[in-house]
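What follows is calculated from the coordinates using simple rules that are stated; it is not laboratory data. Predicted, not measured: the structure shown is a model, and the values here were computed from it. Here the Cβ is made from the backbone with ideal geometry for all residues, glycine too, and neighbour counts use every protein chain on show.
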């Protein structure tokens, strides 16, 4: 992770929040007609494509206010490893959450970013485990401590919320963590048969002069220095 990745993730989520708040102003000014036109209406084929627009809309100011902080924090934690991967996570979660609502929920109009929030939460929780990355495991544990309470509204029967959409989003986040995990086999294949990655520097004189072979430079800079001093007879 670099400062540039952190900056890009912050800018991306800042833009995301700006967009949904701008849409909320337009929606409110139009008596929330955008919700009716672009929200998910279960079992209605004409509203199937709205699984991609519903996460950007909200029913009220309280609705968007309640979603904004966790969306920004969890979205940032999901995005700081790379924008392209984050966009793929968002797509997967939008599909799983939206389809869960469209297929299994009763005939109630549904909008809101909470499905994405649950998806990012699930992704952040499992990403470090699937990638075997200690930093991401730590980030996932912090997210679990900070936002464990949101799991309560994914429990079946929770009144007043689309628990099906939340559960679908959570499942999509876990699925995205698995599908987008770092492929260990690919990393191993990228290395040569001796375990050295292509393009590794070679130290002149570090191999056998009789055979003309050259060995790759050791990965440790201190080892490199010691080897060069040894070759010079120092």
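Laid out as a table, the results:
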item: Burial ordering of 85, 183, fewest other beta-carbon atoms within 10 Å first; result: 183, 85
item: Ranked 8, 107, 35, 136, criterion: other C-beta atoms within 10 Å, fewest first; result: 107, 8, 35, 136
item: Contact order normalised by residue count of segment 1-125, Cα under 8 Å, 6+ apart, percent; result: 36 percent
item: Kirkwood-Stokes translational diffusion coefficient of segment 33-148, alpha-carbon pairs, 25 °C, 0.890 mPa s, µm²/s; result: 166 µm²/s
item: Residue exposure sequence - 4, 181, 81 - by fewest surrounding Cβ within 10 Å; result: 4, 181, 81
item: Extension gain, residue 151 back to residue 3 (0.36 nm per residue minus Cα-Cα distance, nm); result: 50.2 nm
